[in-house]
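Worksheet for the structure shown next.
Every read-out reported here was derived from the displayed coordinates using simple, explicitly stated rules and does not represent laboratory data. Everything numeric in this text was worked out from a predicted model, so none of it was measured. Every residue, glycine among them, receives a Cβ derived from its backbone with ideal geometry; neighbour counts consider all protein chains shown.
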Amino acid sequence: MAVTKGFNHVATLTTDCDRHADFYKRAFGAEIVFQMEAKPDHPRMFILDLGGGYLNVFEVPAEDIIGEQRKQGRRGAIDHFALAVDSRDELEAVKQRLVDAGAEIGEIQRLGGEWSLFFRDIDGMELEVCARAEAT
C-alpha cells in the first residue's frame, strides 16, 4: 500500500504566467495562491490551486522550454498531467468551460475505468481531464 496521498503539485513552464493563470481560472476556477517575482536564481512563479492539488507555473523564455509540446513522448520529462472531476456530467461541463476559455479540445472517450477528455491549454500543451466511469 502506498504511503503517499497522491500528488501535491505538478510543475509546468510557460512564457506568460498571467495568461496561463487566466486560462486555468476561466477553464477550471483555479485561484492564484502564491506569486513570486523573478530573482537572479529563480524564474517568476505562480502557484494555482486546482482544488485537489496545485499547479506550479514557472515563467521562462520560449527557448528554455525543451521538447515539442504537440508530440507525445517528446515533451520533456513530464509528458502531460490529468486533472480529476467527480463525474461524467462534470466532465461535460468542463468541456464547455474549456471551449469558452479558448482551448483546443478533443472528444470525451472511455479509457478503461475512466472517462477522458484531452485538451490543449493556452500554451498548446496537451493535457487531460478525467472522471471515474460507473461500473457496467
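Some values worked out for this structure:
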quantity: Ranked list, fewest to most other Cβ atoms within 10 Å of each Cβ, for 85, 33, 129, 10; calculated: 33, 10, 85, 129
quantity: Likely footprinting exposure, 118, 23, fewest C-beta neighbours within 10 Å first; calculated: 118, 23
quantity: Cβ-placed point charges (K, R +1; D, E -1), dipole of segment 61-124 about Cα centre in debye, nearest 20; calculated: 240 debye
quantity: Additional length obtainable on full extension of the chain from residue 31 to residue 104, 0.36 nm per residue less Cα span; calculated: 24.1 nm
quantity: Mean shadow area of segment 66-136 over all directions, Cα convex hull, nm²; calculated: 4.9 nm²
quantity: Rg(Cα) / (2.2 N^0.38 Å) computed for segment 1-71, rounded to two decimals; calculated: 1.21
quantity: Segment residue 74-residue 60, length gained on full extension (0.36 nm per residue, minus Cα span); calculated: 3.2 nm
quantity: Test item: Cα-centred dipole of segment 47-88, Lys/Arg +1 and Asp/Glu -1 on Cβ, debye; calculated: 300 debye
quantity: Cβ-placed point charges (K, R +1; D, E -1), dipole of the chain about Cα centre in debye, nearest 20; calculated: 260 debye
quantity: Neighbour-count order for 36, 45, 125, 1, fewest beta carbons within 10 angstrom listed first; calculated: 1, 36, 45, 125
quantity: Which label in (1) 12.2; (2) 8.2; (3) 9.6 gives the computed mean projected area of the Cα convex hull in nm²; calculated: (3)
quantity: Helix 17-28 axis, angle to the chain major axis (alpha carbon atoms, nearest 10°); calculated: 10 degrees
quantity: Acute angle (nearest 10 degrees) that the helix 88-100 long axis makes with the longest principal axis of the chain, alpha-carbon atoms; calculated: 40 degrees
